[in-house]
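Contents: one structure, followed by commentary.
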Amino acid sequence: MTMSDSAQMEALPTILYAVADGIATVTFNRPEARNAFTFEMYERLVEICETVNADSAIRAVILTGAGGRAFAAGTDIAQFRAFSTPEDALGYEARIDRVLGALETCRAPTIAAIAGACTGGGAAIAGCCDLRIAASNARFGFPIARTLGNCLSMSNYARFAELLGIARLKELILTARLFEAQEALAIGLVSEVVAEPAGLMARAQELARLVAGHAPLTLQATKQALRRLRPAIPRDDGDRLILMCYMSDDFKEGMNAFLEKRAPVFSGLQP
C-alpha cells in the first residue's frame, strides 16, 4: 500500500449513510479495525437517528458492518487511553446510554444485519435494533470479563436482561464466551440466520421493504409502547459499580494487555 492509499483510507467516512426507496442503510466502515467504534462514530450514529426522525419518507433503517468480518467489535480500545478520572468513566457510560437511547427511539424500525463479530458496544447497538438477522459466521457477546475488566451500565444490564433473560445474560457475561449464530437463533437473540454471508444484505433489504410497507404509525406506537414497559432506572443508579471497575488497576491491566496482545492478569482489588 502506498502512502497516498493509506491517506485515502484514513479519509474515508467511518460510517456510511445512504437512502434509497425509503430505506436508509448505515454501514460501519472501519473494516481494518473490525468496525470498532470511535467516540466520533457514536456521535455520528446519534446524528443519523436524528436525520431519520426528521424525514418521514424513511420507513426502515438497516445497520451493518463493512468487510464481512464484523458488525462492530465494540469501542476502539485506544479510546480508553486517556481515561484517568471518575468523570471519564461515568461520561463514557452516559455517552453509550445516550447513543443507544437515540437508536431505541428512532422513529423508523431498525434492522441489524450482522456478519462476523458483534461484541461489546457492537452487541449493544445490535441489541437496541428492532429486528436482528445474522449471517452464519456471526458471533455475539460481551467478553469484558476476559478483556478490559469493565462492566455495563445499569441501563444496558436492563436492556439485555429484557432481551435474553437474566440466566442467559449471566452466562454471556460470566463465561465471556461468544454465542454462535445458531445458538443466537435458538435463544431469540436473532430472528433468522442466513446460510451464506454473501446473501445477508439482500435478505436485510427484503425484510426492510416488508417493514417499510406497513403502517408507520402502528410501528411507531408499538416501539414506544414496548419501550415504556421497561422500568425506569435512575440516571446515577449503578455509578458506584462503574467506578469500581473503570477506576481499578484491573481495567488498566486489561486495556494494556489488549493493546499489547497478551493475556491480562487480574488482581480483583477494588480502587
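Our coupling estimate for the range 193-207, obtained by passing each phi through the Karplus curve with A = 6.51, B = -1.76, C = 1.60 and θ = phi - 60°, is 10, 8, 4, 9, x, 5, x, 4, 5, 4, 5, 4, 5, 4, 5 Hz, Gly and Pro reported as x. Taking every DSSP beta bridge that has both ends in the chain, the antiparallel portion is near 25%. Sorting 242, 125 from the fewest to the most surrounding beta carbons within 10 angstrom yields 242, 125. So if the hydrodynamic radius of the range 29-176 is defined as the Kirkwood radius over C-alpha pairs, what does Stokes-Einstein give as its diffusion coefficient at 25 °C and 0.890 mPa s, in µm² per second? Stokes-Einstein gives a translational diffusion coefficient of 156 µm²/s. Taking all C-alpha pairs of the range 140-180, those more than 15 Å from each other amount to 35 percent. Over the chain, Cα pairs under 8 Å with separation of 6+ residues give a relative contact order of 19 percent. Extent along the principal axes, Cα only, for the range 89-139: 36, 27, 8 Å, with the longest axis given first. Taking the DSSP beta bridges with both ends in the range 63-185, the antiparallel portion is around 15 percent.
Rounded, prolate or oblate for the range 174-252? Axes are the square roots of the Cα gyration tensor eigenvalues, ordered a ≥ b ≥ c, and the cut-off for rounded is a/c under 1.5. The partial results should precede the final answer.
Working: a/c = 2.99, a/b = 1.41, b/c = 2.11.
Oblate.
First check a/c for the range 140-271, with a ≥ b ≥ c the square roots of the eigenvalues of its C-alpha gyration tensor; if it is under 1.5, answer rounded, and if not, answer prolate when a/b is larger than b/c or oblate otherwise. In terms of gyration-tensor shape, oblate. A straight Cα-to-Cα reach below 27 Å connects residue 252 with the lysines 170, 261, residues fewer than 8 places away in its own chain not being considered. Note on the chain: semi-axes of the ellipsoid equivalent to its C-alpha gyration tensor, largest first and rounded to whole Å, are 29, 22, 19. Residues 192, 104, ranked from the fewest to the most other C-beta atoms within 10 Å, line up as 192, 104. For 265, 194, 19, the sequence from fewest to most other C-beta atoms within 10 Å is 265, 19, 194.
Throughout, read-outs are computed from the coordinates displayed, never taken from laboratory work. Keep in mind that what you see is a predicted model, and the values were worked out from it rather than measured. Please note: Cβ atoms are built from the backbone with ideal geometry, for glycine as well, and neighbour counts cover all protein chains shown.
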